[in-house]
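Asker: One structure, pasted below without further comment.
The values are calculated or read from the model by the stated rules, or taken from the named source; none is laboratory data. As the structure is a computational prediction, the values presented were derived from the model and not from experiment. Note that each Cβ is placed from the backbone with ideal geometry, even for glycine, and that neighbours are counted across all protein chains shown. Accessible surface is based on the protein model in full, side chains and every heavy atom, while ligands, DNA and RNA are left aside. Shrake-Rupley method; radii C 1.70, N 1.55, O 1.52, S 1.80 Å.
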Amino acid sequence: MATYITKMLALLLSLLLISAAAKPRARRPCRELVYYFHDIVFNGHNYNNATSAIVGSPQWGNKTAMAVPYNFGDVVVFDDPITLDNNLHSPPVGRARGMYLYDQKSIYGAWLGFSFQFNSTQHVGTLTFAGADPLMNKTRDISVIGGTGDFFMARGIATLLTDAFEGEVYFRLQVDIKLYECW
């Protein structure tokens, strides 16, 4: 009986040591994509070109200029073109639709919730994103929380990079998407 228990303990110890020594394998994305989206904020004078608008602002703010300080309290909805390169006039491959709200009083920061909606020869479907956007960081990661169509139930990470910024009227984001769950 003692020999049996000794053998079982040795086996358990061996399995424990093997599993502890095994290195976790790095996951590789099943799909990688890069897109740009272009946001032109309505400022009271650019109605025909605007792709986003302030729909909520703090009591001291207004809906044609960002609130001071740090845009805190502004809520912006957008319907922006998505392109394969950083040229605003390139043919769009879809639309980025959603909202961002400025949620920090002491530094520029926002929370994003939006979808990329594709209806092109390359892709049909959506990818949905959500997360905090600390705007002062060069790159920021947000979650890819789902998708439809060609991106059914996709999940992963999107790294955002502010590729261009022209005051409070225009910005362009490079979105580097790495999907780790693909169906």
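Asker: Return the residue satisfying two criteria in turn: it lies in the range 21-42 and is modelled with pLDDT under 75 and open to solvent by 80 Å² or more (accessible area, probe 1.4 Å), and of such residues it is nearest to Asp176 (Cα to Cα).
Answerer: Arg25
Asker: Moving on. Looking at the range 4-20 only, could you name the residues that are open to solvent by less than 90 Å² (accessible area, probe 1.4 Å), modelled with pLDDT of 75 or more and among the hydroxyl-bearing types (Ser, Thr, Tyr)?
Answerer: Thr6
Asker: Continuing with the same structure: I'm trying to understand the selection: among the residues of the range 154-175, which are open to solvent by 50 Å² or more (accessible area, probe 1.4 Å), free of Cβ contacts under 8 Å to residues at least 40 places away in the same chain and not aromatic (Phe, Trp, Tyr)?
Answerer: Arg155, Ile157, Thr162, Glu166
Asker: Of the residues that sit in the range 93-113 and are in contact with a Gly (Cβ under 7 Å, 6 or more places away or on another chain) and farther than 12 Å from Ala132 by Cβ, which one is least open to solvent (accessible area, probe 1.4 Å)?
Answerer: The residue in question is Gly98.
Asker: With the structure loaded, tell me whether Ser143 is out of contact with any strand residue (DSSP E or B) (no Cβ under 9 Å at 6 or more places or on another chain) and either without any contact (Cβ under 8 Å) to a residue 40 or more places away in the chain or open to solvent by 10 Å² or more (accessible area, probe 1.4 Å) (or both) or whether it fails that test.
Answerer: Numbers: out of contact with any strand residue (DSSP E or B) (no Cβ under 9 Å at 6 or more places or on another chain): no; either without any contact (Cβ under 8 Å) to a residue 40 or more places away in the chain or open to solvent by 10 Å² or more (accessible area, probe 1.4 Å) (or both): yes.
Taking the combined requirement at face value, the residue does not satisfy it.
Asker: Given the conditions (1) open to solvent by less than 50 Å² (accessible area, probe 1.4 Å); (2) in contact (Cβ under 8 Å) with a residue 12 or more places away in the chain, report the number of the one that Ser90 does not fulfil.
Answerer: (2)
Asker: Are any of the residues in the range 116-138 closer than 18 Å to Arg28 by Cβ and open to solvent by 70 Å² or more (accessible area, probe 1.4 Å)?
Answerer: Within the range 116-138 (the criterion being closer than 18 Å to Arg28 by Cβ and open to solvent by 70 Å² or more (accessible area, probe 1.4 Å)), the answer is no, since none of the residues qualifies.
Asker: Let me ask you something else. Residues in the range 43-51: is at least one at pLDDT 95 or above and within 20 Å of the chain's Cα centre (by Cα)?
Answerer: Yes, there is a match, as at least one residue in the range 43-51 is at pLDDT 95 or above and within 20 Å of the chain's Cα centre (by Cα).
Asker: Next up: Against the definition (buried (at least 16 other Cβ atoms within 10 Å of the Cβ) and without any contact (Cβ under 8 Å) to a residue 40 or more places away in the chain), how does Phe151 come out, yes or no?
Answerer: yes
Listed here are the residues, each with its yes/no results for (1) over 20 Å from Ser90 (Cα atoms); (2) of a type in the set (Asp, Glu).
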position: Val124; (1), (2): no, no
position: Lys138; (1), (2): yes, no
position: Thr148; (1), (2): yes, no
position: Asp163; (1), (2): no, yes
position: Val175; (1), (2): no, no
position: Trp183; (1), (2): yes, no
